[in-house]
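Participant: Before I ask anything, here is the structure I am working with.
The values are calculated or read from the model by the stated rules, or taken from the named source; none is laboratory data. Because the structure is predicted, anything quoted here is derived from the model rather than measured. FYI the Cβ positions are ideal-geometry reconstructions off the backbone, even for glycines, and counts take in every protein chain you see. These accessible areas exclude ligands, DNA and RNA; they are computed on the full protein's heavy atoms, side chains included. Shrake-Rupley method; radii C 1.70, N 1.55, O 1.52, S 1.80 Å.
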Amino acid sequence: MTLGALYFYACAALALAGALSVVIAKSPIRGAMGLLLLILSIAGLFLALHAQFLAAIQLIVYAGAIVVLFLFVIMLLGPSASTPHDRRGIFARTLGGGLFGLLGLGSIWAVVRASTGHMSMRLPEPAYGGIDAFGSVLFADALVPFELSSALLMVAVVGALAVARGRQGLASPSKGESDIIRESREEGP
Amino acid sequence: MFSLFPVNDYALIAVILGMPLLGAFVNGIWGKRLGDAAVKLMALTAMAVSFLAALVAFVMLADAVGAEKNEHVKLTWMAWEWMHTSGGYGGSSIPIDVKFSIDALSGVMMLIITGVGFLIHLYASSYMEGDPGYARFFAYLNLFVFSMLVLVLADNLPLLFVGWEGVGLCSYLLIGFWYENAANAAAGKKAFIANRIGDFGLLCGMFLLAHYTDSLDWNGIAHGARNLILPGEAFRVYVWPLGNGQYTGLLHFLQPAHPLTVSAATAVGLALLLGCTGKSAQIPLYVWLPDAMAGPTPVSALIHAATMVTAGIYLICRLSFVFVLSPFVMMVIAIVGASTALLAATIAVVQNDIKKVLAYSTVSQLGFMFLGVGVGAFTAGFFHVFTHAFFKACLFLGAGSVIHAMHARIHDDVDAQDIRKMGGLRKWLPWTHITFAAATAAIIGLPFTSGFFSKDEILYRAFVDHTVSPVTAAHSFVPPGWIGPLLFWIAVLAATLTSFYMCRVYILTFWGDFKGWTVGRPSLLATQEAEHGGHDDHGHHHDDLTTPGYPPHESAWQMTVPLMVLGLFSLFAGFLNPGFHLLKPENKPMDHWLEPVFKEASEHAVLFGHGNDEAWAEHMEWPLAACGFLAFAIGSALAYYVYVRKNGEPTKRLAEAAPGLYQLVLDKWRVDELYDATVLAAVDSLADTSAVVDRTIVDGILARLTSMIVAASGTVLRALQTGVVQVYAATMVVGIAFIAWFFAAPHASYTLTDSGNDDYVVTAAPGVGYGYRWDSDGDGTPDKPSFGADSTLKLHLAPGKDVTVNLEVKNAFGLVKKAAIHVARPNAPVSQL
Amino acid sequence: MIPAESYVVLSALLFVIGGIGFLVRRNVLVTLMSIEIMLNAANLALVAFNRVRFDPSAGQAFQGPSHTGQLFAFFIIGAEAAEVAVGLAIVLSLYRLRQTVRSDEADLLRN
């Protein structure tokens, strides 16, 4: 087994472990840590695929911002962040999950069966995937999406502010709101 | 004169058509207000002007024909362009214009319609006197004449159909004229419905003609007529399987070994024949004509004797060049005519109502006309139309005069027309008697009357004629040689019966003792006492009902003058076309006059029997004429013997000896009852079934069940609306599963196209990454072992062969699906009809 | 040399895990994180295919190998970030309303 293969299998194993722990873990903190592990493995795989700039971006944005955001919210919620494991709605969940799993595994099997061998992986030129090349192509061909994505981020910021603000701009709900909700709940649909 | 009315813009036709229409319009809308005298004046003037214009037109036509040396000349007038229709064989659009034309054939018809029509209008002005619907009657009668003229003068089939429908409508209105009596209304309905069935046939024929000949007017159809008998599958009509379809799968047992086709000419001929049997009261659609006697007698005379019922013969004559293209259809026409003649004659022998006898006599005579045109003797058949108009109208009007006289004494409708209650009327109705006798002489074929010449010509031609297809190369049906003599003997038998029953009617009505002295009178005693010496509605004095009262009286001059005119014509009109080669052919003016019209038809298609042996035909002339004479002689001698010498005893004894048979014949062979039990019962049960289906299936199942299903499915689907996002996501996954299955599984669907010349192309449906493997002989081993990219397969199949082709489809995921395609080539069609 | 198919299979597996996590877990924070997993799997597949095919396409202003897959992944990361921000804001609103982060408690649209 060559070094490259070993590296790939290691990163793959870590990625799978991280993903599984997100899905299986009881406490969301564990899940967030699993997510972090996944991100790091994916970044490693990007490096193996000659996408250096993207690996860096992945680390900075995903690991550095998104996972951190998740942790903030989990810590804000405190003990209410974790939910009890009971059997409510087990039928829909099992059906959905099982069917999806079957579908996915079936399609993986079909693709593997139909694959005709090795896709040619000839070496690209050294500038491929580097920040120079990436930047050039980003501002030459993908300028419009780039500008639009900045607008998107602006909208997201405004939206997040608006959604998270609440009615009176307080961090915690007033008595009136939750009372109304509880009453409507008791009356039934 | 031609400068005023040029030959191709003959606007005088507008006067001929317009006057009756004007009369109908004025009488219909303002008749009641104008009063009876004005109505009479309007109607009679309209008819007289129309007749005079028709005479002028006829003279001008004769002029033009003479000038053109006996070519087929037409005086045409285009009123306006009506519409265009597509669907012709060449794909072009067919114009349908309101265009009228007078040629030799329609010129004669036009004269008959307007001339005899005028006489009957004159008669009716006195017959219908005092009837509250006087104005309505003349409005309908004029409208009828207008429609009949449209029918006869039309230059194309759709316009003829307009007239055809119009006369059907007027017939309905006039039969049910006294509609307060439900039986009259029912008779009118029956006439209309029977006509309608025939109209369906006419429409189908029209569509077929438009398709094959690419035209709908007479010139165009003649031009394109040879398309009707071209060989080749495109020109034949598939009778079974319908439209050359193929019955596969479950219905495979219906597929015949060889498809059954008929030539387009046969299909057109049979369809048009259905229309003609409806209008001209032949088997199977004659049942309305006897019932139509419920209408006033002038109506019976005009519509059901002289004009409307001849529309079928007119159509056959008009499209003679189409009918001769199919010898099979000609044979069918002749057989239908002969059998109807015989059937109606047998029924007429036992009827006791004078109008019913004449009605069946009309059906029988129409059968003779059909026989004439069916064997290719178009001129003879048409000449019989001509003479029949005179003598039958005369007979009906005479019967009307008799009924008028009887009705004055016997107020009961049924008894007034019963010949058993008549007798010896010649003493009191001299003019009626003489004209009735003349017309009877004509119909039974007394030598040198008009009926003699026309009927004997038909009998002669039935025996000697032999119709073949005008295109000798076509493998078409050849009528067997024994048809001619068979039809001849049937017709001779019918002629014998005709002369028997007509003499019977004549003798019982006008000779002997009057038997109606006491009929109905004792039953009137009670009403007369109730009236306490009031007047009866004829203004006669109050009489003693226990004794025979005043005798019947002759009718007014308005009724007797038309009788006289018609009687004269029925005696002497025969000399317009005397038969027999002893009087040279140039002395047959009617034949000569109509020759250009029928030349196309008869030239190649109507030959003499025994291999077109003209000498044999001439040789047979005298024996056959003798047979015809014998028919007349035997029939009338028998009638004389039975009714004058033996006073009706032999027939009474015969009726007593075979009461069942007598009742059967009296009941018109129970054909009406048969129709009731079969066709009408089928329609009734269809209606009942529809009612049941509507109630249970449509209301019960479709309406209620679907609402239940909707409610139930609503309840079920609501269970999915839990409000939880993940449940919705799970539903989406189920949907994705279906889509994924659809894309991941290979689909082996195909289309099969017939590219002609016994070639088939099977095209498999494309898909992502599909590879195909064909097995074109169905033996299980594919043609090529590997999956290729060719998605079409060409096959060549001989007729009668079938093969099962296997198709295997493999998609990008390596999954394979197999399909079996069954391809069959039917046998080539065979038919000689 | 690891063939590109391995990367694709790995990406598919990660996607399946993420999808199952989204459908089965009721904690909305965990479902959000499962979405992250799915998007990462997609990024991986994109970059893997770009590594196989980087011929310059016609009409490209940049003279060099094609970076389309990586660009796509780049924008996904960007949109991803926006989505997480808003998503977490929604989670906070839900918590404020119902004092819970369980998805089956957010069923006001029931029936």
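Participant: Kindly indicate which of A:Gly135, A:Gly97 is outside the structural domain of A:Gly31 (by TED's automatic domain parsing), touching a helix residue (DSSP H, G or I) at 6+ places or on another chain (Cβ under 6 Å) and in a helix (DSSP H, G or I).
Facilitator: Numbers: A:Gly135 fails: touching a helix residue (DSSP H, G or I) at 6+ places or on another chain (Cβ under 6 Å).
Testing whether each residue is outside the structural domain of A:Gly31 (by TED's automatic domain parsing), touching a helix residue (DSSP H, G or I) at 6+ places or on another chain (Cβ under 6 Å) and in a helix (DSSP H, G or I) leaves just A:Gly97.
Participant: Okay, next question. Determine which member of the set A:Leu103, A:Leu71, A:Leu77 is within 14 Å of chain B (Cβ to nearest Cβ) and either closer than 30 Å to C:Pro3 by Cα or out of contact with any Leu (no Cβ under 6 Å at 6 or more places or on another chain) (or both). Working first, answer last.
Facilitator: Details: A:Leu71 fails: within 14 Å of chain B (Cβ to nearest Cβ); A:Leu77 fails: within 14 Å of chain B (Cβ to nearest Cβ).
One residue alone meets the criteria, A:Leu103.
Participant: Which is out of contact with any Phe, Trp or Tyr (no Cβ under 7 Å at 6 or more places or on another chain) and under 17 Å from B:Pro284 (Cβ atoms), of B:Ile197, B:Ile175?
Facilitator: Working: B:Ile175 fails: under 17 Å from B:Pro284 (Cβ atoms).
Exactly one of B:Ile197, B:Ile175 is out of contact with any Phe, Trp or Tyr (no Cβ under 7 Å at 6 or more places or on another chain) and under 17 Å from B:Pro284 (Cβ atoms), namely B:Ile197.
Participant: Can you tell me which residue among A:Ser107, A:Ser82, A:Ser41 is without any contact (Cβ under 8 Å) to a residue 24 or more places away in the chain and at negative phi? Talk me through it step by step, then tell me what you get.
Facilitator: Numbers: A:Ser82 fails: without any contact (Cβ under 8 Å) to a residue 24 or more places away in the chain; A:Ser41 fails: without any contact (Cβ under 8 Å) to a residue 24 or more places away in the chain.
A:Ser107 is the lone residue from the list that is without any contact (Cβ under 8 Å) to a residue 24 or more places away in the chain and at negative phi.
Participant: Determine whether the range C:43-57 contains at least one residue that is at the interface with another protein chain (Cβ under 7 Å from one of its Cβ atoms), modelled with pLDDT under 95, buried (at least 23 other Cβ atoms within 10 Å of the Cβ) and in contact with a Lys or Arg (Cβ under 6 Å, 6 or more places away or on another chain).
Facilitator: Scanning the range C:43-57, I find no residue that is at the interface with another protein chain (Cβ under 7 Å from one of its Cβ atoms), modelled with pLDDT under 95, buried (at least 23 other Cβ atoms within 10 Å of the Cβ) and in contact with a Lys or Arg (Cβ under 6 Å, 6 or more places away or on another chain), so the answer is no.
Participant: Which members of the range A:106-128 meet the condition of being within 7 Å of another protein chain (Cβ to nearest Cβ) and touching a His at 6+ places or on another chain (Cβ under 9 Å)?
Facilitator: A:Pro124, A:Tyr128
Participant: Count, please, the residues in the range A:132-148 that happen to be within 7 Å of chain C (Cβ to nearest Cβ) and open to solvent by 30 Å² or more (accessible area, probe 1.4 Å). Even if it seems obvious, please write down each step before you answer.
Facilitator: As a first pass, look at the range A:132-148 and keep what is within 7 Å of chain C (Cβ to nearest Cβ): A:133-134, A:136-138, A:140-142, A:145.
Remaining after also requiring open to solvent by 30 Å² or more (accessible area, probe 1.4 Å): A:136, A:140-141, A:145.
The qualifying residues number 4.
Participant: Which residue pairs have Cβ atoms under 7 Å apart, sit 6 or more places apart or on different chains, and have a first residue in the range A:17-34 that is within 23 Å of A:Gly101 (Cα to Cα) and a second that is assigned to a helix (DSSP H, G or I) and among the basic types (Lys, Arg)?
Facilitator: Pairs that qualify, where the first residue is within 23 Å of A:Gly101 (Cα to Cα) and the partner is assigned to a helix (DSSP H, G or I) and among the basic types (Lys, Arg), are A:Ser21/A:Arg30.
Participant: Additional query: Which of the residues belonging to the range C:26-41 are open to solvent by 10 Å² or more (accessible area, probe 1.4 Å) and more than 7 Å from chain A (Cβ to nearest Cβ)? Lay out the reasoning, then the answer.
Facilitator: Taking the range C:26-41 as the starting set, the residues that turn out to be open to solvent by 10 Å² or more (accessible area, probe 1.4 Å) are C:26, C:28, C:31-32, C:35, C:38-39.
Hits for the range C:26-41 are C:Val28, C:Thr31, C:Leu32, C:Ile35, C:Met38, C:Leu39.
Participant: If the Cβ limit is 7 Å and pairs must be 6+ apart or interchain, which residue in the range B:810-828 that is more than 30 Å from A:Val112 (Cβ to Cβ) pairs with which residue that is open to solvent by 60 Å² or more (accessible area, probe 1.4 Å) and of a type in the set (Gly, Ala, Ser)?
Facilitator: Matching pairs, first to second residue: B:Asn827/B:Ala257.
Participant: Every residue in the range A:149-165 that is touching a helix residue (DSSP H, G or I) at 6+ places or on another chain (Cβ under 8 Å), open to solvent by 50 Å² or more (accessible area, probe 1.4 Å) and within 30 Å of C:Gly64 (Cα to Cα), please.
Facilitator: A:Leu152, A:Leu153
Participant: For A:Asp179, are the conditions met, namely being facing chain C (nearest Cβ under 10 Å), exposed (fewer than 15 other Cβ atoms within 10 Å of the Cβ) and either modelled with pLDDT of 80 or more or farther than 22 Å from A:Gln58 by Cβ (or both)? Even if it seems obvious, please write down each step before you answer.
Facilitator: Numbers: facing chain C (nearest Cβ under 10 Å): no; exposed (fewer than 15 other Cβ atoms within 10 Å of the Cβ): yes; either modelled with pLDDT of 80 or more or farther than 22 Å from A:Gln58 by Cβ (or both): yes.
Here the answer is no, as A:Asp179 does not meet what is asked.
Participant: Continuing with the same structure: Going through the range B:766-786 one residue at a time, which ones are in a loop (DSSP other than H, G, I, E, B) and open to solvent by less than 60 Å² (accessible area, probe 1.4 Å)? Break it down into steps so the answer makes sense when it comes.
Facilitator: Filtering the range B:766-786 for residues in a loop (DSSP other than H, G, I, E, B) gives B:766-770, B:776-786.
Correct list: B:Gly767, B:Gly769, B:Tyr770, B:Ser776, B:Gly778, B:Gly780, B:Pro782.
Participant: Report the residue count in the range A:80-94 for those that are more than 10 Å from chain B (Cβ to nearest Cβ) and either in a helix (DSSP H, G or I) or touching a strand residue (DSSP E or B) at 6+ places or on another chain (Cβ under 6 Å) (or both).
Facilitator: Taking the range A:80-94 as the starting set, the residues that turn out to be more than 10 Å from chain B (Cβ to nearest Cβ) are A:80-87, A:90.
From what is left, the residues that are either in a helix (DSSP H, G or I) or touching a strand residue (DSSP E or B) at 6+ places or on another chain (Cβ under 6 Å) (or both) are A:80-81, A:83, A:90.
Number of matching residues: 4.
Participant: Moving on to the next point. Within the range A:19-42, is even one residue away from chain B (no Cβ under 14 Å), open to solvent by 10 Å² or more (accessible area, probe 1.4 Å) and among the charged types (D, E, K, R)? Please lay out each step first, then the result.
Facilitator: Here is the first cut: in the range A:19-42, the ones away from chain B (no Cβ under 14 Å) are A:19-22, A:24-42.
Add one more test, that the residue is open to solvent by 10 Å² or more (accessible area, probe 1.4 Å), and what stays is A:20-21, A:24-27, A:29-30, A:33, A:36-37, A:40.
Adding the requirement that they be among the charged types (D, E, K, R) leaves A:26, A:30.
Yes, that holds for at least one residue.
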